[in-house]
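Participant: One structure coming up, written as structure tokens, with questions to follow.
The values are calculated or read from the model by the stated rules, or taken from the named source; none is laboratory data. All of these numbers come straight from a predicted model, not from anything done at the bench. Methodologically, a virtual Cβ is constructed for each residue, glycine included, from the backbone with ideal geometry; neighbour enumeration extends over all protein chains shown. Accessible surface is based on the protein model in full, side chains and every heavy atom, while ligands, DNA and RNA are left aside. Shrake-Rupley method; radii C 1.70, N 1.55, O 1.52, S 1.80 Å.
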Amino acid sequence: MVRETELSPSDFILPLFVCPGKGVREEIAPMPGCHRLSVDEIVAEGQEAAELGVPGVILFGIPPRKDPEGTGAWAEDGIVQQAVRALKASIPDLLVVTDVCLCEYTDHGHCGKIENGEVLNDPTLELLARTALAQARSGSDLVAPSDMMDGRVAAIRTALDGNGFSHLPILSYAAKYASAFYGPFREAAGSRPQFGDRRSYQMDPANAREAMREVALDVEEGADMVMVKPALPCLDIVRRVRETFDLPVAAYQVSGEYSMIVAAAKNGWIDRNLVILESLTAIRRAGADLVLTYFAKEATRLLKAG
């Protein structure tokens, strides 16, 4: 009766990795229980999530080929575009979010166009806008730019509005830190940078005021929702964003957070079920309206079991 924070399956978005092939369900070594899935298996996974009561998924693509510009990101037959069409045809009420970034599609693993070993901000914006537009045409319900290039929300909003998608909302990774917690994801998506790191365009984990400036800029450019990433190391940022901005706030419980819980539970050091629910409750308590989590299905089952 006096509980202040409620945790519900309706709070969750399930991240999924889509890859080429048919009948592919390949477990990701550093993320036990998570898989690279072909389009047919993505549909099966989406169906299971929807039947459980998880309202949405977010898709990350693993293309058959990578190149310097990441052309697979905006190809009409790109792997994410295929998955979106299949999901919307089979499960029309499932919210399908698409990650807008190039790192999974480039052979160098960076989130933007490269020249002389440097990531170029402005030339990347056109490629990101092209990617968001391709995803919109495939049926995406929500595009989520995660690259952290300055000005990308405005570029995407302009492209969407100019092509008949003014209704399509943008969930911006507005405060995305250059975090060490992303390691398992990069192995899952094959997106580890081939040189350098991403600190020139992602945020310094030591900075909080900068996060507020980044969020404010994205809101001014037309973001409809904003995200903080990673979640548990940034609960203070989630709280500050929630108190400052009157928009839906999402937080991403990232791969490293997931893998640490799974590994510790496997060793018998923690109670897996209790830690899953406590960690997700903490994210909600900090102020997140939505939580992107690889535990979405498992947590839903735990909540239903009481």
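Participant: Name the chymotrypsin sites (Phe, Trp or Tyr not before Pro) in segment 206-306 that are in a loop by DSSP and that have at most 11 other C-beta atoms within 10 Å, would you?
Facilitator: Sparse-neighbourhood loop chymotrypsin sites (Phe, Trp or Tyr not before Pro): TRP269.
Participant: Of the listed values [x] 18.0, 60; [y] 19.9, 63; [z] 21.3, 62, identify the label whose number matches Rg and Dmax of the Cα atoms in Å calculated from this model.
Facilitator: Derived directly from the coordinates: [x].
Participant: Do any of LYS66/LYS176; LYS22/LYS113; LYS22/LYS176; LYS266/LYS297; LYS22/LYS266 go past 26 Å between their Cα atoms, and which?
Facilitator: Long pairs (Cα-Cα over 26 Å): LYS22/LYS113; LYS22/LYS176; LYS22/LYS266.
Participant: A further question on this structure: In whole Å, what is the distance between the alpha-carbon centres of segment 57-77 and segment 89-116?
Facilitator: Segment 57-77 and segment 89-116 have Cα centres separated by 6 Å.
Participant: Leaving out ligands and nucleic acids, and using a 1.4 Å probe, what accessible area per residue does segment 1-89 come to in Å²?
Facilitator: Per-residue value: 46 Å².
Participant: Restricting attention to the alpha-carbon atoms of segment 59-116, what are Rg (one decimal) and Dmax (integer), both in Å?
Facilitator: 12.7, 45
Participant: Calculate what fraction, in whole %, of the accessible area of segment 244-305 sits on carbon and sulfur atoms when a 1.4 Å probe is rolled over the protein chains.
Facilitator: Answer for segment 244-305 is 56 percent, counting heavy atoms of protein chains only.
Participant: Hey, another quick one. Let me have the relative contact order for segment 166-274, percent, based on Cα pairs under 8 Å that are six or more residues apart.
Facilitator: 33
Participant: Further question: Taking the Cα centre of the chain as the origin and placing charges on Cβ (Lys, Arg +1; Asp, Glu -1), which of ILE283, GLY72, LEU125 is farthest toward the positive end of the dipole?
Facilitator: ILE283
Participant: Search the structure for amide H atoms under 5 Å from the amide H of LYS113, placed 1.01 Å from N in the peptide plane, and list their residues when 5 or more places away or on another chain.
Facilitator: Close amide H contacts, sequence-distant or interchain: LEU120, THR124.
Participant: Averaged per residue, what accessible surface does segment 153-306 expose to a 1.4 Å probe, in Å²?
Facilitator: Accessible area per residue: 44 Å².
Participant: Another one. Evaluate the relative contact order of the chain (contact order divided by residue number), counting alpha-carbon pairs under 8 angstrom at least 6 apart; express in whole percent. Could the numbers behind the result be given before it?
Facilitator: Details: 631 pairs, mean separation 56.8, N = 306.
It rounds to 19 percent for the chain.
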